[in-house]
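The values are calculated or read from the model by the stated rules, or taken from the named source; none is laboratory data. Computed from a predicted structure; not experimentally measured. In this analysis, Cβ positions are derived from the backbone assuming ideal geometry, glycine residues included, and neighbour counts consider all displayed protein chains. Calculation scope for accessible area: heavy atoms of the full protein, side chains included, ligands and nucleic acids excluded. Shrake-Rupley method; radii C 1.70, N 1.55, O 1.52, S 1.80 Å.
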Amino acid sequence: MKFSYKWLQDYFDETLPSAEELGSLLTMHAFEVESVEKVGDDTVLDIKVLPDRSHDALSYRGIAIEIAALTQKALKPHIQVLQSLDIPESNVLKAEVLDQTLCRRISLMVIENVEVKESPIWLRERLEVIGQRSINNVVDATNYVMFALGQPLHAYDRNLLKEEGGDWKIIVRKALNGETLIALDNKEYMLNAEELVIADGNSDKALGIAGIKGGKASEITKSTKHIVLEAANFEPINIRKTAKKLGLRTDASVRF
């Protein structure tokens, strides 16, 4: 994974050793750093994170913790937990997991009256320096959280889901044999009953390949007004087998 030196510095008040020094330190004690490359006014470290550390080290927070241990520099209290966050239980969205072995947990939040537009410059630069294409502020925000914390997120356009009696519903189910889905990469994938999908609970239409890739059917666009934000946890062996079978290795799939 590629890491921005400037982004890593944000986790510390004290100045870090140079990018080259950090690369040597990490290589000698934790991970192989495959390259240290100047990109604009930043420097990018390409750190080879092996599967046994993907659960924590495929994120800026994870690598920052590693750097703190190696340099004895204190981390900022970077993540604030809102103890009194008051989010009412949704009365317009329902969720159901039909296979709790393959999907251990799913959390959904409805966010209404969003304005989809170009991301601010700082966010575009953070993603672009590590080789990610900026799409829009909603999608970029989900990617930013994934790289920062290691938790993939996905956003759905709620207006593209089927409404039934004023309610929307998201389900997690196994795919049907021969079921097809057009993903956000505009490619069509054929699925089978060993694979998991996120689906519209009112129409049963597959919306994405769980833990791997979202679908075009609920894509966020400039006309999106209301979104459903998903954070989930999937059975890792199933994700690996599905990604390998489909030839679809994504940033989300390697983290799951």
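Odds and ends about this structure:
- Between ASP10 and LYS241, the contour length at 0.36 nm per residue exceeds the Cα-Cα span by 79.5 nm.
- Accessible surface of the chain [probe 1.4 Å, protein heavy atoms]: carbon and sulfur percent: 49 percent
- For the stretch 72-191, the relative contact order works out to 27 percent when only alpha carbon pairs closer than 8 Å and six or more residues apart are counted.
- Highest-first arrangement of 210-222, 121-133, where packing means the average Cβ count within 10 Å: 210-222, 121-133
- When you restrict to C-alpha pairs under 8 Å that are six or more residues apart and normalise by the size of the stretch 188-256, the relative contact order lands at 29 percent.
- Computed over protein heavy atoms with a 1.4 Å probe, the accessible surface of the stretch 1-57 works out to 55 Å² per residue.
- Probing with 1.4 Å while keeping every protein chain in the model, the per residue accessible area of the stretch 140-247 equals 44 Å².
- Nearest-0.05 FRET efficiency for ASP41 and THR221, computed from C-beta distance (R0 30 Å): 0.40
- For the stretch 151-256, a simple Cβ point-charge model (Lys and Arg +1, Asp and Glu -1, everything else neutral) yields a dipole of about 360 debye relative to the Cα centre.
- Cβ crowding within 10 Å averaged over residues, with 32-42, 65-75, 1-11 ranked highest first: 1-11, 65-75, 32-42
- Within the listed set SER119, SER134, SER18, the Gaussian network model of the chain (springs between alpha-carbon atoms below 10 Å) gives the highest mean-square fluctuation for SER18.
- The simple Förster model, with R0 at 30 Å and r as the Cβ-Cβ distance, assigns THR180 and ASP52 a FRET efficiency of 0.30.
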